[in-house]
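These notes are about the structure you will find just below.
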Amino acid sequence: MSSVPVPRIEVNAFLKQLGQGISAPVLILGSDSNKYILKSQQVEVDGNWNEFNCMFLNEMLVYQIARYLDVPIPDVAIAHVDKEHLKHGPSLRFVHRFHEGLQFASKELEGNEANLIDGYQKLIRMGKPYIKRSWNAFFTKITNGDSVSRIIAMDLLIANFDRFGNNGNLLVASNAKGRCIYVIDHGHAFWGPVWDIEKRTILRSVNDSKVYIPKHLNTLLTVSQEGDQIFSGPGEIFKSIEDYVDISNPQLHSFLEVVERIEGINEHLIDGWFDCIPNEWFLSKKEQIAEHKNFLLKQRDYVRIYIEQLAYNKAFTNYRGGVLGWNERSAGTV
């Protein structure tokens, strides 16, 4: 399967704002009778409005990659906002900066425990000494812990560094599948939500492994909570789920299958992923597809290097030494 079909829906109603701040997302009711979380690419940063002009593109591309890698992620939709909604709800247009057209929508998870996670994140930022124990206990009860290694590998592939700090960008929801962890919020993947010269330069630097790989690893270092230690690993939130990653046996570790899957990515797959993205979400479609395709095809071969370096530098507590083994690379990769 080259891509996952994404439904297109109409926004039937804006239900409520989620969180604080005028750039906070809103909960909407779609024409398919499901509730979705809707964001705007107009975002307030330090009192100023910024246009995150490739945020939707990032979100949809990562959704396709997550589904390919079997990473748990909420379903999504392409939501059309009609001008009549904005006409009768002027605050949506003038305050929250929503506009007519196609928006990225993430389906609301049944049994979402977001309020508890938000509370834990606030305690971490306040430096509460007991939060580590509480957070560890919170994540010991999830039923899809085998997905953690896939989440880490995907984040390394897409240059998504948020989950290596204390931001988390993880949800836990209790539903028919059990108490499961999900990944959310990938608008800042691929080195950021703004398509500009700086981002293009970074994406192109992937062609020189001697320059790019150290930059990627150093960025992991700077987002770590303990940045004074070389590769000190993720912040408290991610450390709390690290027990689900097993590399105690270097020849039979948690990353074997997902890295093999990543190394099977080819141009045909990537083309299928981009076919799911509306033309309206591109600024320079031909260029953006070419740059992301080149980036992913280079990154697929670097992921095992990132994991090895993280392991050798004690990012994973159950690593006991030894050279990590890998499955043979797929002969079908481009």
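If you add up the charges near L27, with Lys and Arg at +1 and Asp and Glu at -1, over every other residue whose beta carbon is less than 14 angstrom from its beta carbon, what do you get?
Details: positive: K16, K35, K39, K107; negative: E108, E110.
Taking every other residue near L27 into account, the sum is +2.
Rounded if a/c is under 1.5, else prolate if a/b beats b/c, else oblate: with a ≥ b ≥ c from the C-alpha gyration tensor eigenvalues square-rooted, which is region 285-334? The shape class here is oblate.
Give, as a single signed number, the net charge of other residues whose beta carbon lies under 10 Å from the beta carbon of F274, with Lys and Arg counted +1 and Asp and Glu -1. Don't skip to the answer; put the middle values down first.
Working: positive: K285, K293; negative: D271, D275.
Here the charged neighbours net out to 0.
Using the Cβ of D146 as centre and a radius below 13 Å, the other residues enclosed give a net charge of -2, where K and R count +1 and D and E count -1.
Mind jotting down the distance between the C-alpha centroids of region 260-314 and region 26-69, whole Å? Distance between centres, Cα-based: 19 Å.
Each of the peptides 280-288, 147-155, 6-14 was scored by the mean count of other Cβ atoms within 10 Å over its residues; in descending order, highest first, they stand as 147-155, 6-14, 280-288.
Quick note: the coordinates plus some simple rules give every number you see, no bench work behind them. Worth saying up front: this structure is predicted, and the values here are computed from it rather than measured. Ideal geometry is used to build each Cβ from the backbone, glycine not excepted, and the neighbour counts take in all protein chains shown.
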